[in-house]
Every structure is written in C-alpha cells, then in structure tokens.
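What follows is calculated from the coordinates using simple rules that are stated; it is not laboratory data. Only a predicted model underlies this, so the values are computations on that prediction, with no experimental measurement involved. Methodologically, a virtual Cβ is constructed for each residue, glycine included, from the backbone with ideal geometry; neighbour enumeration extends over all protein chains shown.
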C-alpha cells in the first residue's frame, strides 16, 4: 500500500508540475555559439528528462538527413545537408544542441540555407521553422504523458489483480467454511462409530478370553484322555509304538483326532484374541486421530470466519484503491488535452 501511495503521489506531483510549467510549448529566438560559430536559431524548454528528449530529437533530425555529432562538441547534433522542401528547395544545414538543468531540457536549433538563417525572425519561413520545433515539443509532451499513463495503468492493473486475488481467496475461505461444517458432521459420526466399536471390542475380548480358557481346558482334558488310552493299551500288552498311523489302534486314532480338533479350536481362539487386541489398538489410534481432527476442525471453525471478515475488509480497501487509481489514470490522460 505504501508503494501505491508513493507512486500515485509522484504522478500527481508530476501532473501538478506539468500543469504549472509545461502546458504550452513556447518557442523563442536564441543565439548559440557552437564550435566557435555563431548560430541564429530558436529554442524551447521542455520539462522532460533529457534522455527522452535527446532520443526523440535525434529521431526527428533523421527525417531530414544524416545526424552527426561534430568532434570536440557535446550534446550537439547536426545535419550537414538537410532536405526540408517545406522550408527551402536548397540544402539546409541543421545545427542543434540539447542541454539540461534542474529538470528542464533546452533544445536549440538553427536552420541555414545558402542564403541566410531560416531561423532568423526576419526570414519569411521563420514561423514555419518555429512550428517544427513547437510540434516536436508537443509530441515530446504527449509521449511523456503517455509514459505516465502507462505507469498509472500498470499500477491500476496491479490493483485490479490484487483485488481479484482477494476475491478468489474469499471464495476459497467460504468453501473452506462449508467443508469445515461437513467435516465436523463426518468426524462426529466416525467418533460415534469408533465408540460403539470400542464397546463391542471389549465385549468380544471378554468372550474370547472365556473361549480361550474353555478351549485350553478342553485341549488339556483331551491330552489326559490320550494318556489314559495309551496306558490302557500298554497294560493290555498292545504294541502300537512305531506303527503307521493307519495301523494304530482305533482307540488311539480316535483320541488323536479329537486332540487335534481341540488343538485347532484352542489355536483359533488364541488367534482371534490376538486379532481383537490389534483391532483394539487400531481403534485407540483412530480415536486419537479423530480427536486431533476435531480439535483442528474446531480451531478452523473459529479462525475461518475471522479470516473471511478480514478478507472482506481487504477487498473493500483494494476496491477503494482501484477507484483512486482510476482517477489518477483519468487525470493523467486529461493532461493530453492541455498540451499546446
């Protein structure tokens, strides 16, 4: 904002200076000694940076012939053989000098044909020579104003882009607020489900502990049965050690089958218990994650409306700056009508 104020202020100050000093291009007779030679000519003072005037003046002179800078001279530009049919059918020698001081740039130029100085007030073409310099000065001022317009317009475009960015930011903040509301509902629903899952997991774990106990007891009981069967067979003198499974006594085969069934039930119950324990840990992590999300959601729900309010203020301020800069552009453009 400070940059904008400085630039706008500078443009207004330039406008004020131009209005006071440079609405009218005044051309008056003058005499200069250029490389020890007296030249009768005319001059005008333009309140424009010398670099722009010098560049424009060289381009102006090129319309009439080859522009040269004599050796040993400074800021002197001449055309030895100029063609200016509107002033003279004879070749015209153009001698000029551009100097500057305190923001004012002075252009002196002298026109001379074979007979006399055309820029002598007594010459019949004097007014035409004056008009050429006057028209050049007007053109320079118009270019100067157009540069100021360009700067002012760039600043206006910058303000417009800034405002557009603020508008987009405001729209995104509104979307964020809506998403925040939806997320809150979703997180609350997930928290309810997480809580219900937690209760169910506690119940399932309690049941599984009972199931594990029962299956371990059943397996242990069947081991006892197995031992008893083998003892009975040993007492009866039945040989079964080293025999193939299919050749084992039916009592042992039945007892082993039952033992494996009980073992399978026990292992299944233990595996289910481990799975339930992991689910319970996962449920705890989900709860913590949801709690963190809800905390952030609550913080965002408090933050976003404040940012929306601040954004609206910024938009209003940016729009005011746009209107101010539009006036600056209009004021600078209006200076074109004051040039004469």
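Considering the zone a paramagnetic label at residue 207 would reach in this model (a point 7 Å from Cα along the Cα-to-Cβ line), which residues of region 275-295 have amide N under 19 Å from it?
Within reach of a label on residue 207: 275-281, 283.
Label 7 Å along Cα→Cβ of residue 147; region 301-340 residues with amide nitrogen under 17 Å?
Residues passing the 17 Å test: 332-333, 335-336.
Could you tell me the distance between the Cα centroids of region 245-266 and region 163-191, to the nearest Å?
That distance is 65 Å.
Would you calculate the separation in nanometres between label points at residue 73 and residue 316, each defined as 7 Å from the Cα along the Cα-to-beta-carbon direction?
Distance between the two pseudo-spin positions: 6.4 nm.
Explain nothing, just the number: relative contact order of region 24-148, from Cα pairs under 8 Å at least 6 residues apart, as a whole percent.
On the way: 232 pairs, mean separation 33.5, N = 125.
The normalised contact order for region 24-148 reaches 27 percent.
Per 0.36 nm of contour for each residue apart, how much would the distance between residue 235 and residue 253 grow if the chain were fully extended, relative to their Cα-Cα spacing? Present the calculation step by step, with values, prior to reporting the outcome.
Details: separation 18, 0.36 × 18 = 6.48 nm, distance 1.79 nm.
Length difference between fully extended and current span is 4.7 nm.
Roughly speaking, what % of Cα-Cα pairs in the chain are separated by over 29 Å, rounded to a whole number? Spell out each step's value before the answer.
Numbers: 40012 of 57630 pairs.
Looking at the chain, the distances longer than 29 Å represent 69 percent of pairs.
For a quick protection proxy, order the peptides 90-100, 104-114, 166-176 by their average other-Cβ count within 10 Å, most packed first.
Details: 90-100: 19.6, 104-114: 21.5, 166-176: 14.3.
Result, highest mean Cβ count within 10 Å first: 104-114, 90-100, 166-176.
Please list 248-257, 143-152 highest first by mean number of surrounding beta-carbon atoms within 10 Å per residue.
On the way: 248-257: 14.6, 143-152: 17.9.
My ranking of the peptides, most packed first, is 143-152, 248-257.
In nm, give the distance between the simple-model label positions of residue 185 and residue 287, each being 7 Å from the Cα along the Cα-to-Cβ direction.
About 2.6 nm separates the two model spin labels.
Pull out the extension gain between residue 264 and residue 303, defined as 0.36 nm times the separation in residues minus the alpha carbon to alpha carbon distance; nm, one decimal. Intermediate results must be reported in sequence, preceding the final value.
Numbers: separation 39, 0.36 × 39 = 14.04 nm, distance 5.76 nm.
Computed gain between residue 264 and residue 303 is 8.3 nm.
Working out 0.36 nm times the residue gap between residue 338 and residue 275, then minus their Cα-Cα distance, what length gain in nm do you get to one decimal? It would help to have the intermediate numbers written out before the result.
Working: separation 63, 0.36 × 63 = 22.68 nm, distance 8.94 nm.
The residue 338-residue 275 span can extend by a further 13.7 nm.
Only bridges with both residues in the chain count here: give the DSSP antiparallel percent, nearest 5. Walk me through the numbers before you get to the answer.
Numbers: 29 of 29 bridges.
So the antiparallel bridges in the chain amount to around 100 percent.
Relative to the compact globular guide of 2.2 N^0.38 Å, what is the alpha carbon radius of gyration of region 24-148, as a ratio?
Numbers: Rg = 13.7 Å, N = 125, 2.2 N^0.38 = 13.8 Å.
The value comes to 0.99.
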